[in-house]
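The values are calculated or read from the model by the stated rules, or taken from the named source; none is laboratory data. These numbers were taken from a predicted model, which means no experiment stands behind them. In this analysis, Cβ positions are derived from the backbone assuming ideal geometry, glycine residues included, and neighbour counts consider all displayed protein chains.
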Amino acid sequence: NLLKLDPSTIHSIMAPHKLQNSWVIWELKEKQGSADSKDYGNLVREVCEFSTVEDFWKYWMFIPKPSDVFGDGQNKILVEGRIIKAFCLFKKGIQPRWEDVANKTGSELVASKSYSPEVLDVFWENLVMGLIGETIDEGDEICGCRVVNQTRKGKPTYKIELWLRTTDESMGLKIKSKLSDVLTDFEGNKPGSKIRAPEFEIIKH
């Protein structure tokens with residue numbers, strides 16, 4: 001009963017829940033024809049920015065899942081006239097490109113694999129939750145993450161990337177362990193389940 005609570009308690013209940021960092025979700029369009037790396041700036045688009053739990057959910061519920069836009073390996077899906085190649089989540093102020101000052105001397109954890117649509121979507125959502133909830137990071141080393149459609153022809157292939165500021169291998173291994181735990185932490189994934197986190201390798205930028 002709100003009438004029985006003191007004003008400070010009511011304020012703490014009703015106030016927005018601030019995240020430790022502000023974040024931006026981006027999408028990357030598939031390049032067409034002879035477009036090269038110089039055209040990257042025209043291919044990436046900011047979708048939304050948020051700094052509270054409430055704002056995150058306000059946007060997240062309207063952003064399509066990767067499986068809704070990546071296609072089945074045989075057919076590509078047009079979304080309002082464009083083909084979406086990747087979704088990205090990066091801390092505000094960091095561009096989802098290697099040339100950004102926060103990324104260019106760092107590294108990334110990368111796994112490329114074929115997933116079922118359901119597993120792909122769960123892995124992506126868990127990764128996003130792990131980043132904004134700060135359950136994966138070690139010492140503010142994470143810049144952002146991407147889920148990328150790498151399918152050419154035939155079997156769907158997707159790449160999950162976690163971009164780091166550091167190239168320190170021991171730090172990378174700590175984050176890798178947390179990442180694997182977060183990806184597979186979902187209802188229905190019981191001990192002994194066949195669903196395993198993909199094997200990530202550490203690559204320097």
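Laid out as a table, the results:
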{"item": "Test result for Thr167, more than 27 Å from Lys76 (Cα to Cα) and β-branched (Val, Ile, Thr)", "result": "yes"}
{"item": "Residue under evaluation Ala15, criteria (1) at pLDDT 80 or above; (2) farther than 21 Å from Arg146 by Cβ, criterion not met", "result": "(1)"}
{"item": "Scope the stretch 138-170; condition free of Cβ contacts under 8 Å to residues at least 40 places away in the same chain and of a type in the set (D, E, K, R); matching residues", "result": "Asp140, Glu141, Arg152, Asp168, Glu169"}
{"item": "Test: residue in the stretch 104-114 that is among the hydrophobic types (A, V, I, L, M, F, W, C) and free of Cβ contacts under 8 Å to residues at least 12 places away in the same chain", "result": "no"}
{"item": "Evaluation of Phe56 against (1) under 18 Å from Thr184 (Cβ atoms); (2) of a type in the set (A, V, I, L, M, F, W, C); (3) in contact with a helix residue (DSSP H, G or I) (Cβ under 8 Å, 6 or more places away or on another chain) (one fails), failing number", "result": "(1)"}
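For (1) of a type in the set (A, V, I, L, M); (2) at pLDDT 95 or above; (3) not in a helix (DSSP H, G or I), each residue gets a yes or a no:
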site	(1), (2), (3)
Ser51	no, yes, yes
Trp57	no, yes, no
Ile63	yes, yes, yes
Lys76	no, no, yes
Leu89	yes, yes, yes
Gly93	no, yes, yes
Trp98	no, no, yes
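Here's the yes/no breakdown for (1) surrounded by fewer than 20 Cβ atoms within 10 Å (Cβ to Cβ); (2) farther than 25 Å from Thr157 by Cα:
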{"residue": "Lys76", "(1), (2)": "yes, no"}
{"residue": "Val79", "(1), (2)": "yes, no"}
{"residue": "Gln95", "(1), (2)": "no, no"}
{"residue": "Trp98", "(1), (2)": "yes, no"}
{"residue": "Ala102", "(1), (2)": "yes, yes"}
{"residue": "Ser114", "(1), (2)": "yes, no"}
